[in-house]
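Worksheet: one structure, shown below.
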Amino acid sequence: VQLQASGGGSVQAGGSLRLSCVVSGSIFVIDDMAWYRQAPGKQRELVAGISSRGETNYADSVKGRFTISRDNDKDTVYLQMNSLKPEDTAVYHCKARSPLLRADFWGQGTLVTVSS
């Protein structure tokens, strides 16, 4: 299983970005997917998750601003980020969970920089 994340960039506060994460390989083993982020000097934290049934959960800090979604036909998970704040600056990583393989798979990070 391989994950390829894209869509990061530099925006001003209040702007928007959409991250994408394409899953390839043994896609049938994947269940839940999620976006995490890691800011400089901080631990990696969960941003948003989505189950195979479309159930979602969000970190309190992004509720109402970020939306996670998945397109199973395209094997892609998205993170729509609106009303971005400087504190959203981080490297964003996507993760896929496989209960069948009892493993988590990570994509490479994509950098999001929000300037004030």
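The values are calculated or read from the model by the stated rules, or taken from the named source; none is laboratory data. A quick note: this is a predicted structure, and the numbers were derived from the prediction, not measured. For neighbour counting, all protein chains shown are included, and Cβ atoms are generated from backbone atoms with ideal geometry for every residue, glycine included. Remember, those area values only see protein heavy atoms, side chains included, never the ligands or the DNA or RNA. Shrake-Rupley method; radii C 1.70, N 1.55, O 1.52, S 1.80 Å.
Details
- Residues of segment 10-25 that turn out to be more than 17 Å from the chain's Cα centre (by Cα) and open to solvent by less than 50 Å² (accessible area, probe 1.4 Å), as a count: 2
- Filtering segment 48-79 to residues that are surrounded by 15 or more Cβ atoms within 10 Å (Cβ to Cβ) and touching a helix residue (DSSP H, G or I) at 6+ places or on another chain (Cβ under 9 Å) leaves VAL62, ARG65, PHE66, ASP75.
- Condition check for VAL23: assigned to a strand (DSSP E or B) and modelled with pLDDT under 95: yes
- Among the residues of this structure, ALA13 counts as one that is farther than 19 Å from ASP71 by Cβ, touching a Ser or Thr at 6+ places or on another chain (Cβ under 6 Å) and among the aliphatic types (A, V, I, L, M).
- Scan of segment 97-111 for residues that are assigned to a strand (DSSP E or B) and touching an Asp or Glu at 6+ places or on another chain (Cβ under 7 Å), ordered by number: ARG97, SER98
- Residue among TRP106, TRP35 that is in contact (Cβ under 8 Å) with a residue 40 or more places away in the chain, open to solvent by 20 Å² or more (accessible area, probe 1.4 Å) and among the aromatic types (Phe, Trp, Tyr): TRP106
- Condition broken by GLY25, with the remaining ones in (1) free of Cβ contacts under 8 Å to residues at least 60 places away in the same chain; (2) on the phi < 0 side of the Ramachandran plot satisfied: (2)
- Qualifying residues in segment 72-90 (those that are modelled with pLDDT of 95 or more and in a strand (DSSP E or B)) - the one nearest to GLN12 (Cα to Cα): MET81
- Taking the numbered list (1) more than 17 Å from PRO40 (Cα to Cα); (2) in a strand (DSSP E or B); (3) touching a residue at least 60 places away in the same chain (Cβ under 8 Å) in turn, SER69 passes all entries but (3).
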